[in-house]
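What follows is a short report on a single structure.
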Amino acid sequence: MASGSVGRRLVACLLNVSEARRKDLVETVAKAALYDEEGKAPSMSYVVTGEDSPQNITFTLGFSSFRPGVTREGTAVLNIFNDQDYNRSVITIVASVDSIGEAVLSACEKACALIDMAAHEGVHPCMGAVDLVPIYPLGEEVGVEDCAQEARAVARGLTERVPGTSAFLFGWADSPRQRGLAQRRKEMGWFKETPDLGAIRPDVGPPPRRPFGLTGEPGPGVGVGYA
């Protein structure tokens with residue numbers, strides 16, 4: 001885990017990325033959350049769980065491939081869950097509500113650079129290279145609207161930093177309607193065997209296209225369920 005005090009007003013992002021079978025790629029995405037664009041984080045420890053690891057296993061990874069610089073203070077990757085059948089991983093990132101956005105955006109940028117949805121295979125219809133970006137409060141110091149605001153900011157930031165990406169909002173981030181994930185997916189026709197990407201109108205960014213697909217941005221109060 002990255003060093004330094006994470007302080008109060010903590011939130012957790014359960015970043016869903018559409019890759020699980022290439023664990024080195026997923027680990028690279030997780031590392032991107034821990035250092036800034038000019039920096040480097042020290043070794044980190046986290047727990048990897050999944051179908052092929054019935055018990056939690058802790059790995060400590062070095063960062064020798066990254067250029068030297070400054071650690072992203074107060075950010076930690078606590079867990080990586082790999083689902084081989086879905087070919088999707090969930091990376092748990094914890095930071096203060098004031099700094100979670102930059103950490104998550106850095107990881108999202110890396111995922112978009114490394115994952116091509118045109119080549120993705122899995123039993124579940126993942127929507128995008130960055131599939132879901134739920135952010136949850138970890139205490140009374142942070143409210144659900146704080147998390148929803150950060151989710152909307154991540155959606156805007158991703159579409160600005162990675163041209164061609166797009167996002168839809170659900171849960172608390174979808175103000176004032178607060179539609180659920182299943183409803184939003186049905187509205188966009190995502191349960192079709194071959195979704196018509198050109199017909200989808202996202203909330204942020206252009207109509208989705210390969211290789212990025214479509215990213216879901218919920219606020220808290222929505223279970224991380226896959227419809």
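Side notes on the structure shown:
- Of residues in the range 150-174 being of a type in the set (Val, Ile, Thr) and open to solvent by less than 10 Å² (accessible area, probe 1.4 Å), the one farthest from the chain's Cα centre (by Cα): Thr165
- Gly198 modelled with pLDDT under 85, assigned to a loop (DSSP other than H, G, I, E, B) and small (Gly, Ala, Ser): no
- Boolean, Arg177 is more than 14 Å from the chain's Cα centre (by Cα), among the basic types (Lys, Arg) and open to solvent by 70 Å² or more (accessible area, probe 1.4 Å): yes
- Gly139 at pLDDT below 90, buried (at least 16 other Cβ atoms within 10 Å of the Cβ) and in a loop (DSSP other than H, G, I, E, B): no
- Under the condition of being within 16 Å of the chain's Cα centre (by Cα) and open to solvent by 40 Å² or more (accessible area, probe 1.4 Å), the residues counted in the range 106-136 number 6.
- Listed by first and then second residue, the pairs with beta-carbon distance under 6 Å, at least 6 apart or on different chains, first residue in the range 76-102 and on the phi > 0 side of the Ramachandran plot, second modelled with pLDDT under 95, are Asn87/Ala20; Asn87/Arg21; Asn87/Gly122.
- Any hit, the range 219-227, residues being buried (at least 17 other Cβ atoms within 10 Å of the Cβ), under 16 Å from Val104 (Cβ atoms) and either modelled with pLDDT under 85 or of a type in the set (Phe, Trp, Tyr) (or both): yes
The values are calculated or read from the model by the stated rules, or taken from the named source; none is laboratory data. Being a predicted model, the structure only gives us computed values, none of them experimental. Counting neighbours? That spans all protein chains shown, and the Cβs are built from the backbone with ideal geometry, glycine included. These accessible areas exclude ligands, DNA and RNA; they are computed on the full protein's heavy atoms, side chains included. Shrake-Rupley method; radii C 1.70, N 1.55, O 1.52, S 1.80 Å.
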